[in-house]
1. List the pairs from Lys26/Lys203; Lys42/Lys125; Lys42/Lys129; Lys74/Lys203 whose alpha-carbon separation is above 31 Å, in the order I gave them.
2. Mean residue ellipticity at 222 nm from the helices of the chain, using -39,500 (n - 2.57) per DSSP H segment of n ≥ 4 over the full residue count, to the nearest 500 deg cm²/dmol?
3. Give, as a single signed number, the net charge of other residues whose beta carbon lies under 11 Å from the beta carbon of Glu219, with Lys and Arg counted +1 and Asp and Glu -1.
4. Roughly speaking, what is the stretch gain from Asn234 to Glu81, that is 0.36 nm per residue apart minus the C-alpha to C-alpha distance, in nm to one decimal?
5. Considering only Val182, Val52, Val112, give the residue with the highest GNM mean-square fluctuation for the chain, with springs between Cα atoms whenever their separation is below 10 Å.
6. Which percent of the accessible heavy-atom area of the chain goes to carbon and sulfur, probe 1.4 angstrom?
7. Where does the Debye-calculated log10 I(q)/I(0) of the chain sit at q = 0.18 Å⁻¹, using only Cα point scatterers of equal weight, no solvent?
8. Excluding residues fewer than 8 places away in the same chain, name every one of the lysines whose C-alpha is closer than 17 Å to that of Lys111.
Amino acid sequence: MSGSLNGKTAVITGGVRGIGRAIALKLAHSGTSLIVNYNSNKEAAQSLFQEVNSFGGRIVIIQGDVSNSEDARKIIDSALEHYQGLDILVNNAGINRDNLLIRMKDEEFQKVIETNLLGTFYCTKYASKIMIKARQGRIVNISSVVGIGGNIGQTNYAASKAGIIGFTKSVAKELATRNITVNAVAPGFIKTDMTDKLSEEQKRNILSRIPMVRFGFPEDVANMVHFLVSDEANYITGQVFRIDGGMEM
Ligand code: NDP
């Protein structure tokens with residue numbers, strides 16, 4: 001493979017479906033050697049593995065739950081084991097467990113925070129140790145417009161995604177002198193399994209708030225992530241980029 005990211009190595013969490021899969025394919029086509037993590041969907045993992053191999057890309061698939069610190073360490077360390085280094089981390093793994101606040105179960109709130117926010121913390125902590133030694137690196141965290149503007153029925157998800165934004169900016173400040181950039185992207189409504197669960201009425205309501213009158217594609221997010229990990233984004237850190245068809249301006 002040859003491309004603009006030739007020779008780079010990347011870890012993508014939750015990368016076998018949806019947005020993570022689009023990011024994996026985009027980076028693989030640009031020559032990145034990939035470690036792609038999944039939690040439970042082995043079938044999707046095998047399908048991505050085959051697709052990347054079919055065009056000569058390099059990929060290692062690793063099962064693990066990012067909300068578990070030891071699993072997160074194993075996922076990050078596999079980049080050292082297979083590729084002897086780590087240039088790029090994309091914290092993409094995420095879940096939602098929607099409910100109105102008064103009905104929200106403690107476990108629902110906790111599970112979302114553990115996966116989305118703690119998972120991002122664990123992977124970033126372990127990856128940053130490798131990147132600091134190498135004095136270079138790129139970290140992109142997948143937040144959400146819901147983390148900026150809030151949403152009814154998503155107090156847990158919004159708190160996790162807002163947490164990711166504060167975390168991103170703090171890590172960006174801590175690691176800036178080591179030539180490590182840390183940015184967040186905040187997608188709006190993107191066509192994946194996560195948004196397929198919405199009712200037709202919810203989808204109609206959302207569409208009426210999007211000036212471009214369509215949901216985004218996973219590739220719309222992958223293109224921004226690709227830019228942020230490329231040399232063209234050398235001087236961009238601590239920022240949050242909305243990809244939402246103009247939903248908020
Ligand atoms: P999907 O539900 O399609 O995919 C989620 C991915 O995360 C899956 O690969 C899943 O693995 C993985 N995952 C879930 N829990 C864990 C865990 N504990 N450890 C490791 N991996 C895990 O979601 P999307 O592609 O839609 O979302 C990707 C990211 O983008 C998420 O962070 C989401 O919050 C964010 N986002 C999505 C938006 C949208 O409209 N779709 C909008 C804004 C943000 P497995 O397949 O094994 O279950």
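1. Table pairs above 31 Å Cα-Cα are Lys74/Lys203.
2. Taking each H run of at least 4 residues, the total per residue is -13500 deg cm²/dmol.
3. Result for the local shell: +2.
4. Here the segment from Asn234 to Glu81 would lengthen by 52.4 nm.
5. In the Gaussian network model the winner is Val52.
6. 50
7. Values, matching the q order: -1.48.
8. Leaving aside lysines fewer than 8 places away in the same chain, those within reach of Lys111 are Lys161.
The values are calculated or read from the model by the stated rules, or taken from the named source; none is laboratory data. Not measured: the values here are computed from a predicted model. Note that we place each Cβ from the backbone using ideal geometry, even for glycine, and neighbour counts take in every protein chain shown. To get the accessible areas, we keep the full protein, side chains included, count just its heavy atoms, and leave off ligands, DNA and RNA. Shrake-Rupley method; radii C 1.70, N 1.55, O 1.52, S 1.80 Å.
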